[in-house]
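Notes to accompany the following structure.
Throughout, read-outs are computed from the coordinates displayed, never taken from laboratory work. Keep in mind the model is a prediction, meaning the values are calculated, not measured. Note that we place each Cβ from the backbone using ideal geometry, even for glycine, and neighbour counts take in every protein chain shown.
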Amino acid sequence: MGCFKLAHMTLHSLFSHPDTVCYPAQTKPVPSGLKGHIVNDVSTCIMCGICAKTCPSGALTVDRKAGTWTINRFRCVQCGSCVRACPKGSLSMDPNYQKPSRHMYDDVVTKSIPDSKDAKA
């Protein structure tokens, strides 16, 4: 019985289109239900850090004093728990593929925090 399955797979692959494409020159259409990657709308973010506390893989870091929101995309598992936990709705899942990278890096989003001196003036 195993020989028939192997012959069927072999003949199917000979006479059908390949499942792969020459990436990045060609891309396949995005399948429905793809979670994608995390995007932060920094204009609405209040730097509360709830997203970092709910992240199961520890991919998010929030430094409120410096006004930075950092994500390590190689540690992120795209579970969406940070998106659901965000009280202001500034996090969202972008349903597109990430660009390929040869080096590991952290994406840092900076929000300008007004100084207390500027606020009084």
**Prompt:** Taking the stretch 11-35 only, how many residues are among the hydroxyl-bearing types (S, T, Y) and loosely packed, with under 10 Cβ neighbours inside 10 Å?
**Reply:** 3
**Request:** With respect to I71, determine if the residue is β-branched (V, I, T) and more than 19 Å from the chain's Cα centre (by Cα).
**Result:** no
**Request:** List the number of the failed condition for Y97; all other conditions in (1) over 28 Å from T27 (Cβ atoms); (2) under 9 Å from the mean Cα position of the chain (by Cα) hold.
**Result:** (1)
**Filter result for K5 (exposed (fewer than 11 other Cβ atoms within 10 Å of the Cβ) and among the basic types (K, R))** = yes
